[in-house]
Amino acid sequence: MPVKNRFAELQDEITAWRRDMHENPEILFETHRTSALVADKLKEFGCDEVVTGIGRTGVVGVIKGKSDTKGKVIGLRADMDALPIHEATGLEYASKTDGAMHACGHDGHTAMLLGAAKYLSETRNFDGTVVVIFQPAEEGGSGGREMCEDGMMERWNIQEVYGMHNWPGHPVGSFSIRPGSFFAATDQFDVTFEGRGGHAAKPQETVDTTVMAAQAVLALQTIAARNADPIDQVVVSVTSFETSSKAFNVIPQTVQIKGTVRTMSKEMRGLAEQRINEICNGVAATFGGTVDVTYIRGYPVMVNSDVQTDFAAEVAKSVSGSCDEAPLVMGGEDFAFMLEERPGAYILVGNGDTAAVHHPEYNFNDEAIPAGCSWWAEIVEQRMPAA
Ligand SMILES: [Zn+2]
Ligand SMILES: [Zn+2]
């Protein structure tokens, strides 16, 4: 079963929605125009229910099948937010907002799920209920978590959830997926060392925080090199190092370091947090200073459920002829919160040979639309076959 003919017919219309959203990017929870556009379209398609304001600016649409003999409910989720990047594509439909850009293809995700919602509202060729979920603030704002906290899963009795992301470098419209841990947990740390500042020519009268923090930066590398099981994955990157002195002849009173931690399991995540605390406290004590360590847990590990992943891969094969094994991704994904609440699967759809996501020259590939929309529709029709 190749891509659905209906999506070949709808491709120009869906592309026009996508480009309109591309031209009008909105960041984090500020997706007011996009959310209104999504809600208007869902109403126009004849969805049975359209609710705004879930997770602040999130939108939920409900589409009932021709029958409902088993009470089955599937959630399909897309993200709507853009990034604070100045667009450099030179496209005729490039961002009209300075410093905001759809550089992760969420315009494409939203357009494809809208296309699927249009088709599913027209045909309703399934036994059960589909809940289409449009979330804000995927890029670091936990919009997905806020939708869950608003009781979305319980309110609509959602039993399984599915998500999709475009993937540059994979052939356009091809699919790849993996079961289990897929996207990393993304945490941050913020550490301030305090010593005793003073004259740089009299180090013996100071407690030098620069030396202390430099030792800590090196020691933090041993979490990946010496503490982690070599076949497990962990990244610890120090990305900021700032002393309280701006002068060449002053030893600073404090040094602040910041960074990120990426892990693929709860155990590794716990170990990284524990070792950052131990190393920073140990180094500070060794050199006679004190330290304040703040570890901020961000998105959890995104874990695909086995049954739903197998099913999603079979559906992808039915649409595109094959489905590859996806690589582990050390980036984070807010859909992880929805997958913590319900079983489900997240799949990658190839974006062709384009710039990478988050690059100012990136653009979503509209040629992926028929395959992406067909996957959504087939998930519904194959998981809840018409009675
Ligand atoms: Zn992104
Ligand atoms: Zn993204």
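The values are calculated or read from the model by the stated rules, or taken from the named source; none is laboratory data. Small disclaimer: the values here were computed from a predicted structure and weren't measured. Neighbour counts run over all protein chains shown; Cβ positions are idealised from the backbone, glycine included.
Numerical summary
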| quantity | calculated |
| --- | --- |
| Test set (1) surrounded by fewer than 24 Cβ atoms within 10 Å (Cβ to Cβ); (2) modelled with pLDDT of 95 or more; (3) within 16 Å of ligand 2 (Cβ to nearest atom) - Asn166 fails condition number | (1) |
| Meets criteria (among the β-branched types (Val, Ile, Thr), more than 17 Å from the chain's Cα centre (by Cα) and not assigned by TED's automatic domain parsing to the domain that holds Thr254) for Thr354 | yes |
| Whichever residue in region 43-60 is farther than 27 Å from Lys96 by Cβ and not β-branched (Val, Ile, Thr) and, among such residues, is surrounded by the most Cβ atoms within 10 Å (Cβ to Cβ) | Cys47 |
| The listed residue being within 16 Å of ligand 1 (Cβ to nearest atom), outside any strand (DSSP E or B) and touching a residue at least 12 places away in the same chain (Cβ under 8 Å), out of Thr34, Thr15, Thr69, Thr97 | Thr34 |
| Total residues in region 131-154, condition touching a Leu at 6+ places or on another chain (Cβ under 6 Å) and either more than 16 Å from Gly53 (Cα to Cα) or in a loop (DSSP other than H, G, I, E, B) (or both) | 3 |
| Residue list for region 38-66, filter: in contact with a helix residue (DSSP H, G or I) (Cβ under 7 Å, 6 or more places away or on another chain) and assigned to a helix (DSSP H, G or I) | Val38, Lys41, Leu42, Phe45 |
| Test: residue in region 259-280 that is surrounded by fewer than 16 Cβ atoms within 10 Å (Cβ to Cβ) and farther than 30 Å from Phe337 by Cα | no |
| Subset of region 132-147 (residues that are at negative phi and surrounded by 24 or more Cβ atoms within 10 Å (Cβ to Cβ)) | Val132, Ile133, Phe134, Gln135, Pro136, Glu138, Gly143, Gly144, Met147 |
| Tally, over region 1-11, of residues that are over 14 Å from Lys118 (Cα atoms) and modelled with pLDDT of 95 or more | 0 |
| Qualifying residue in region 16-32 (condition: surrounded by 22 or more Cβ atoms within 10 Å (Cβ to Cβ), β-branched (Val, Ile, Thr) and touching a strand residue (DSSP E or B) at 6+ places or on another chain (Cβ under 8 Å)) | no |
| Per-region count, region 81-117, residues closer than 19 Å to Phe7 by Cβ, within 16 Å of ligand 2 (Cβ to nearest atom) and out of contact with any Ser or Thr (no Cβ under 8 Å at 6 or more places or on another chain) | 6 |
| Identity of the residue in region 176-211, outside any strand (DSSP E or B) and among the charged types (D, E, K, R), that ends up nearest to the chain's Cα centre (by Cα) | Arg178 |
| Residue match in region 285-292 (condition: outside the structural domain of Thr69 (by TED's automatic domain parsing), crowded, with 22+ Cβ neighbours inside 10 Å and in a strand (DSSP E or B)) | yes |
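For (1) surrounded by 24 or more Cβ atoms within 10 Å (Cβ to Cβ); (2) closer than 18 Å to Ala103 by Cα; (3) within 16 Å of ligand 1 (Cβ to nearest atom), each residue gets a yes or a no:
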residue: Gly331; (1), (2), (3): no, yes, yes
residue: Glu341; (1), (2), (3): no, no, no
residue: Gly344; (1), (2), (3): yes, no, no
residue: Val349; (1), (2), (3): yes, yes, yes
residue: Gly352; (1), (2), (3): no, yes, no
residue: His358; (1), (2), (3): no, yes, yes
residue: Glu361; (1), (2), (3): no, yes, yes
